[in-house]
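Let me begin by presenting the structure, written as structure tokens, before commenting on it.
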Amino acid sequence: MKKYILVVIALISSMLSVAQDLVHTSYSWDQNPTYTIAEEDKDLDMVGLKDYRIVEYGFENENEFYQYNIIHKVLWLNSDDRIERFNRIYLPYRSDSELLRSQARVVSANGIVQELDDSKIFTATDETTNRTIKYYALEGIEKGGFIEYLYIIKKVAKYKGQYLRLQENYKIKDSKFELYSPENLVFKIYPINSDQEAAEDTGVEGKQHLIIQKYDLPELEAEDLSAVEAMKQAIIYKLDSNKATGASGFSSYSDIAKNVHNFVNAELDKGDLSKVKKFLKEAAIDPNGDDESKIRTLENHIKNSIYITNTGGDQLSDIGFVIENKAADETGAIRLFANSLKELGIPFEVVLTCDRTEMKFDPEIEALNFLQDYLIYFPTTKQYIAPGKQENRYGFPPFEYTDTYGLFVKEVKLGKLSSGVGKVKYIESPDAAASVDEMTYKVTFDPEDLTEVSIDFDHAIGGYNASFIHPFMNLVNDENKEEFYEEFIKRMGDELTIESKEIFNEAPENFGINPLRIKATLSSSAFTDKAGPKYLFKLGELIGPQIEMYQEKKRQLPVENTFRKTYLRTIEITIPEGYTINNLDDINIDNRYEKDGKDLMNFISSYTKEGNKIIITANEMYDQNILPVALYEEYRTVINSAADFNKVTLILEPTK
């Protein structure tokens, strides 16, 4: 059973059907197009002259409720990159939709029209998803020319919350969204990242007709560390009420919570329950352990023994099949977790949310488009797992599902009966102390050749910093492990010789408890240059390349980081006999932003002297993922401090 089944509720059976003249059947483009580009736009690399999206709801055969989507665009292309990007127009080709009509044409700058027929529609296979795709191959596009395409698709109506972006990474001269529905079905449109409400055209007999039209819609450019897709102007449209029956609340979170609970907690037959108990016995969970240790052991057992796939199918959500065949889809994984946790007596809540980098979960709007991905929340530990994500582990769900809202579904019981109650709450992200990258260096110079240094290096990574590899180290073969460790050590520079290395806490069971730790002895001549009687030691390069943020234009978008994090760096340098360092104050950097007496982000480097040793600390911390535009310069100052430290060079001079 697919994820959609978890949240869908039946459209009220008495919904009124009326005789209709469907708009999509008569929609067409201009037979003799004459397109021009405004003088002020001629220096742009691309302009959308027309971007029309129409959604029409209607009935066929009395009770079959469909929607028809019209997509009609005219694009002016004025660069080779844009021409290459748009020389293929992909057509919707899915099992749940029907392509009713498609047209495409190329219009040259001097008005010559080349219409494409079906011979220009090609079929290919997406290598990632293995799905069949169809596309127009456009020929004869030239700089300053236009392409136009129009297609109409039919599919089973979705009316409980649809999200549609209107803004693009190019200027749009005329953007229009229209929604048609039978007059008894009242839809509502919610503007996102805009204050422009939909207008209602009351002149269409027997239909509701809503319109949002925008002229000269500006492009929204991506910026470093921004969630540009989530910040684009968009709309959500959904069915609000049925005037014929008085029904409303078609996307009610209350109903969704009950359906999610009923599916996840569906009673197992004796055979499947026995399989769950046997599966838990194999997990070897310590009955005397606390909730956290039990959850960790359970998650590792499930994700190490069950392959979780993105493909759907009823069998893959059947617990008996999942345990026997070691394969599950996301709903199968959720059900296995839920029934296992119930057997262990660990309270939990199912959470539905969405990727904050693609769409911001609005707590004021009840709509299915927000309910895309699943977490499980544990009230006793205040932590999350992502049951359907093989690569994530307890306490560190996908970062894009944190620092956003979600629908929390909690089980409530009344006697022998139980149900689900939903509440929208904020999903906190793990704090900066949970994801620490700690580096310790001990640097000594070869007395025979001061350009040669020996470095005792100790590097420990934990939390999100290690989540890309640590949870599945057991699946990496020895050759790839060696390659990974070598690349990891050499992040400070390629011109290093690894004399020896030792690895600690490699087993995946350590993730989130003990950091993955690498100790190595290194040698290199890349960090020191001779300049006459002096030596230049490139201290800052030890920490590896650092991000340096530039902003030529005024910042438009909030800063949006992946996860909160901490870097701890300690560098001990033994000064060679007969030499001194007089520019140690170059090390001192202190840039921070604090709120309510607490640092939200900082970079602080300093030093102390102990005899012939210099002990340097260069620590960096970011404890807030999303920052408003007003704080961009403060953020840029802090993050650029690491790049400034990266340039610090210490001058070793002979003592007089």
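The values are calculated or read from the model by the stated rules, or taken from the named source; none is laboratory data. As the structure is a prediction and not an experimental result, all values here were calculated from the model. FYI the Cβ positions are ideal-geometry reconstructions off the backbone, even for glycines, and counts take in every protein chain you see.
Looking at region 315-353, which of its residues are among the polar types (S, T, N, Q), in contact with a helix residue (DSSP H, G or I) (Cβ under 7 Å, 6 or more places away or on another chain) and part of a helix (DSSP H, G or I)? Steps first, please.
Restricting attention to region 315-353, the residues satisfying the condition of being among the polar types (S, T, N, Q) are 315, 317, 325, 331, 339-340, 353.
If we keep only those that are in contact with a helix residue (DSSP H, G or I) (Cβ under 7 Å, 6 or more places away or on another chain) as well, we get 315, 317, 331, 339-340, 353.
Result: GLN315, SER317, THR331, ASN339, SER340.
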Pairs with Cβ under 9 Å, 6+ apart, first in region 552-565 and without any contact (Cβ under 8 Å) to a residue 40 or more places away in the chain, second outside any strand (DSSP E or B) and not β-branched (Val, Ile, Thr)
LYS553/GLU221; LYS553/GLU223
Quick check, is LEU210 more than 25 Å from SER97 (Cα to Cα), touching a Leu at 6+ places or on another chain (Cβ under 9 Å) and either buried (at least 19 other Cβ atoms within 10 Å of the Cβ) or not assigned by TED's automatic domain parsing to the domain that holds ARG82 (or both)?
no
Quick check, is TYR253 closer than 30 Å to ASN625 by Cα and at pLDDT 95 or above?
yes
Right, TYR426: buried (at least 18 other Cβ atoms within 10 Å of the Cβ) and of a type outside the set (A, V, I, L, M, F, W, C) or not?
no
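Do we find a residue being among the hydrophobic types (A, V, I, L, M, F, W, C), out of contact with any helix residue (DSSP H, G or I) (no Cβ under 9 Å at 6 or more places or on another chain) and part of a helix (DSSP H, G or I) anywhere in region 264-284? Write out each step before concluding.
At the first step, the residues of region 264-284 found to be among the hydrophobic types (A, V, I, L, M, F, W, C) are 264, 266, 268, 273, 276, 279-280, 283-284.
This time we only want the ones that are out of contact with any helix residue (DSSP H, G or I) (no Cβ under 9 Å at 6 or more places or on another chain), so: none.
The answer is no; no qualifying residue exists.
Which residues, counting only those in region 364-416, are of a type in the set (Val, Ile, Thr) and in a strand (DSSP E or B)?
Keep residues of region 364-416 that are of a type in the set (Val, Ile, Thr), which gives 365, 376, 380-381, 385, 402, 404, 409, 412.
ILE376, ILE385, THR404, VAL409, VAL412, listed by residue number.
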Restricting to region 448-463, and then to whatever is modelled with pLDDT of 95 or more and not in a strand (DSSP E or B), can you tell me which residue is nearest to THR528 (Cα to Cα)?
GLY462
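Report, by residue number, each residue of region 389-419 that is among the small types (Gly, Ala, Ser) and either modelled with pLDDT under 95 or surrounded by fewer than 19 Cβ atoms within 10 Å (Cβ to Cβ) (or both). Explain how you work it out, then say what you get.
Here is the first cut: in region 389-419, the ones among the small types (Gly, Ala, Ser) are 395, 406, 415, 418-419.
Selection gives GLY415, SER418, SER419.
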If I go through region 635-656 residue by residue, how many of them are crowded, with 16+ Cβ neighbours inside 10 Å and free of Cβ contacts under 8 Å to residues at least 40 places away in the same chain?
0
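Take the residues in region 527-548 that are surrounded by fewer than 16 Cβ atoms within 10 Å (Cβ to Cβ) and within 39 Å of the chain's Cα centre (by Cα), then tell me which one is farthest from GLU634 (Cα to Cα). Can you show your working first?
Taking region 527-548 and keeping what is surrounded by fewer than 16 Cβ atoms within 10 Å (Cβ to Cβ), we get 529-534, 536, 544-545, 547-548.
Applying the additional criterion that residues be within 39 Å of the chain's Cα centre (by Cα) yields 544-545, 547-548.
Values: GLY544: 23, PRO545: 21, ILE547: 15, GLU548: 14 Å.
Taking the candidates together, the pick is GLY544.
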Would you point out the residue of region 75-101, among those that are at pLDDT below 95 and among the polar types (S, T, N, Q), that is farthest from GLU142 (Cα to Cα)?
SER95
